[in-house]
Amino acid sequence: MAVLNTNIKEYRERKNIKQSELAQLVGVRRETIVHLENGKYNPSLKLAMDIAKIFQVTVEELFEFTD
Amino acid sequence: MNKKQINLSTQYMLKSFIILLMLILYMASRENFGFSYYEPVVSKLYYGCLLLYGLIGLIWKNEEIDESAERILGKVSGICLNAATLGLIILALFVAAPMFKGLFISRDLIGLLLFILLFLITALKSILFYVFDRRGLYNGSIKH
């Protein structure tokens with residue numbers, strides 16, 4: 001089964017952005033960002049693209065599927 | 001003036017608390033409990049609670065429902081709807097089923113049972129939302 005790995009936390013820490021700030025930037029609750037970072041939430045394509053836009057990376061760089 | 005924002009869990013817990021307050025007021029207004037003397041005050045409080053339940057979003061700024069909250073609410077609402085249906089089926093069984101024709105159920109008792117059911121559903125909704133919001137809707141294919 002394919003496993004989705006997220007790199008949001010690394011990019012967020014690199015940019016020195018708080019979870020609440022990132023949540024505000026992409027228009028979601030802080031809890032959603034927490035779940036995303038902990039791998040407990042599967043985001044919509046729009047949210048994934050919005051986050052990728054904030055970090056100026058591609059969606060593939062943020063989310064990676066591994067077998 | 002900036003209104004204080006309350007998160008969704010708190011919002012649902014407040015609503016559940018208001019229903020509990022209404023249930024207590026309903027029980028207090030029943031003559032059996034000896035509060036009939038204070039009925040006008042209790043009635044005003046009751047309608048105040050009803051108003052507060054409807055206008056809660058105007059008093060405090062509610063947190064926006066985002067996509068994860070929407071997904072959690074979808075799951076929670078499904079569970080609550082099943083619980084409500086089950087409760088109403090049981091109530092309908094006692095009130096309308098021919099086999100309980102001889103059983104006398106007063107209007108007060110039906111009202112009380114409906115209030116209890118309403119409180120249980122709102123409490124269940126707030127608890128389930130809180131639990132799922134803390135735990136997250138785990139998807140087995142995602143790993144950090």
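We did not get these values from a lab; they are worked out from the coordinates using the rules stated. Because the structure is a prediction, the values reported are computed rather than measured. Positions of Cβ are backbone-derived with ideal geometry, glycine not excepted, and every protein chain shown enters the neighbour counts.
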Worksheet item: If only one of B:Lys75, B:Lys61, B:Lys15 is charged (D, E, K, R), closer than 30 Å to A:Pro43 by Cβ, touching a helix residue (DSSP H, G or I) at 6+ places or on another chain (Cβ under 7 Å) and loosely packed, with under 15 Cβ neighbours inside 10 Å, which one is it?
Response: B:Lys75
Practice prompt. Identify, by number, the condition in (1) surrounded by 11 or more Cβ atoms within 10 Å (Cβ to Cβ); (2) more than 16 Å from the chain's Cα centre (by Cα); (3) more than 30 Å from A:Tyr41 (Cβ to Cβ) that B:Leu103 doesn't meet.
Written response: (1)
Worksheet item: Of these, A:Leu62, A:Leu45, which one is surrounded by 14 or more Cβ atoms within 10 Å (Cβ to Cβ) and farther than 22 Å from B:Arg134 by Cα?
Response: A:Leu62
Discussion item. Whether any residue in the range B:60-75 is farther than 30 Å from A:Ile51 by Cα and hydrophobic (A, V, I, L, M, F, W, C) is what I want to check.
Written reply: no
Worksheet item: Just checking, how many residues over the range A:16-39 are β-branched (Val, Ile, Thr) and within 12 Å of B:Asp66 (Cβ to Cβ)?
Response: 4
